Amino acid sequence: GPCRVPMTMTEIRAGFTAIKAKIQARDPIRTLSILSHPHSLHKVKSSDRCCITHHLLNFYVDKVFRHCKTEDSFINRKISSIANSFLSVRRKLEQCREQNKCTCGQESTEKFNQVLANYEGLNVTSAAMKSLGELDILLDWMEKS
Amino acid sequence: LLEILGEDTWLPAPQNISMLSTNMKHFLTWNPVIIQGETVRYSVEFQGEYERDYGNESWIPTWECSLITATVCNLTEDISAPVPYNLRVRAHVGLRRSEWGTLKGFFNPLTTSLTPPLMKVIADGYHLLVELEDMGPAFQFCVLYWKKGQESRMQQKVVKEVRSVVHLDIMEPGADYCVKAQTHVEVINRSSSFSQTQCVRTQG
């Protein structure tokens, strides 16, 4: 869409790949998904992609990363790298939003509310760790858009 | 200025802290603290924009630089996002620790200095090839090439992933072809200057 953020997935994906197994091992509830329940992100219309992307960047920055601190300093460092990269991407998307090229339709609002409902359906630490473990779902979707 | 102090006085914080950043490789350096007859070690921590704004201004210990004796720390792995970072280092002697010495001002990877890539131009029969230095996943290359004397008909090739050899063109016999290249880093949206021009001649 109009708001294609030149985001370096390589750095973020490398950081996530380095901790993915450890993070997903901390998520005992494998039958639930935060991002993909009931519908996959891939069903979102292209006109809603920018808005959903912005919502999800906010979601991870405001709600997820802060509840993922662990006793493992390697994991903490990689989460820091990812979180700071998300801030940088969000700032670029802000510029786009200010030019009104990132409008929010009904579908994106509904989709994001569903993500929040999934998140709030679990205790905060489990929800945050599960969301972090699903980061590759988000990265795959953002890379495809 | 090196601090040379007696045995049981407090431990001074490292001074003259600075960041050397080239081609997205970031090295923090500082002056050594010297205590007669003691081994002084150092620990480095960083704080990104996220930690300041969302993480209660927390600091994160680096992996490679905890209790090291060197006075340089490779922070490339830890500070990869294009946001402002605070950096600090302190000295240790046994159980004694100094105050933190903090880098003056933020460091943002956006400000890294970019150098042109090392490049080797090859005439393989009538094929014009170029070998480019592998500078890491964040780097792309813009390669310009032209037949000598026809600078106005310069051609461009963007190389997103470094392969050992890049094929540029089929050359005419007995002609000179010239090549130059620059690096581009998408995450900071900046490019280096161009390399020196290298020319080769085809046989015939």
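Worth pointing out:
- Condition check for residue B:152: outside any strand (DSSP E or B), over 23 Å from residue B:140 (Cα atoms), at pLDDT below 95 and among the small types (Gly, Ala, Ser): yes
- Taking the listed residues B:125, B:136, B:149, the one that is out of contact with any strand residue (DSSP E or B) (no Cβ under 6 Å at 6 or more places or on another chain), open to solvent by 50 Å² or more (accessible area, probe 1.4 Å) and on the phi > 0 side of the Ramachandran plot is B:149, with no other qualifying.
- Of the candidates B:187, B:179, the single residue that is under 23 Å from residue B:136 (Cα atoms) and more than 14 Å from every other protein chain (Cβ to nearest Cβ) is B:179.
- When B:125, B:136 are checked against the criterion of being modelled with pLDDT under 95 and over 16 Å from residue B:24 (Cβ atoms), a single residue qualifies: B:125.
- Among residues of segment B:68-80, those that are in contact (Cβ under 8 Å) with a residue 40 or more places away in the chain and over 30 Å from residue A:92 (Cβ atoms), counted: 2
- Qualifying positions in segment B:81-101 - farther than 30 Å from residue A:92 by Cβ and in contact (Cβ under 8 Å) with a residue 40 or more places away in the chain: B:89, B:90, B:91, B:92, B:93, B:94, B:96, B:97, B:98, B:99, B:100, B:101
- Residue, farthest from the other protein chains (Cβ to nearest Cβ), within segment A:58-105, restricted to residues that are closer than 15 Å to residue A:12 by Cβ and hydroxyl-bearing (Ser, Thr, Tyr): A:60
- Of all residues in segment B:1-23 being modelled with pLDDT under 95 and buried (at least 16 other Cβ atoms within 10 Å of the Cβ), the one that is farthest from residue B:90 (Cα to Cα): B:3
- Contacts under 6 angstrom Cβ, first residue in segment A:103-124 being in contact (Cβ under 8 Å) with a residue 40 or more places away in the chain, partner of a type in the set (Gly, Ala, Ser) and in a helix (DSSP H, G or I), 6 or more apart: A:119/A:127
- Odd one out for residue B:158, checked against (1) open to solvent by less than 70 Å² (accessible area, probe 1.4 Å); (2) modelled with pLDDT of 90 or more; (3) under 27 Å from the mean Cα position of the chain (by Cα): (1)
- In the set (1) open to solvent by 30 Å² or more (accessible area, probe 1.4 Å); (2) touching a Cys at 6+ places or on another chain (Cβ under 6 Å); (3) among the hydrophobic types (A, V, I, L, M, F, W, C), the condition left unmet by residue A:25 is number (2).
- Test: residue B:110 is away from chain A (no Cβ under 14 Å) and not charged (D, E, K, R): no
- Entirely in segment A:32-145, the helices (runs of 4 or more DSSP H) that have 2 or more residues that are within 26 Å of residue B:48 (Cα to Cα): A:46-59, A:73-98, A:124-133, A:135-144
- Listed by first and then second residue, the pairs linking a residue in segment A:69-83 that is open to solvent by less than 20 Å² (accessible area, probe 1.4 Å) to a residue that is among the hydroxyl-bearing types (Ser, Thr, Tyr) and not in a helix (DSSP H, G or I), with Cβ atoms under 7 Å apart and 6 or more places separating them unless they lie on different chains, are A:81/B:80.
- Each residue in segment A:98-140 was checked for being of a type in the set (A, V, I, L, M, F, W, C) and either closer than 14 Å to residue A:27 by Cα or at pLDDT below 90 (or both), and 9 pass.
- Of all residues in segment B:46-68 being at the interface with chain A (Cβ under 8 Å from one of its Cβ atoms) and among the acidic types (Asp, Glu), the one that is nearest to residue A:74 (Cα to Cα): B:51
- Only residues that are surrounded by fewer than 21 Cβ atoms within 10 Å (Cβ to Cβ) and not charged (D, E, K, R) were counted across segment B:66-100, and they come to 17.
The values are calculated or read from the model by the stated rules, or taken from the named source; none is laboratory data. This is a predicted model, so every value here is computed, not measured. Cβ atoms come from the backbone with ideal geometry, glycine included; neighbour counts cover every protein chain shown. Accessible surface areas use protein heavy atoms only, side chains included; no ligands, DNA or RNA. Shrake-Rupley method; radii C 1.70, N 1.55, O 1.52, S 1.80 Å.
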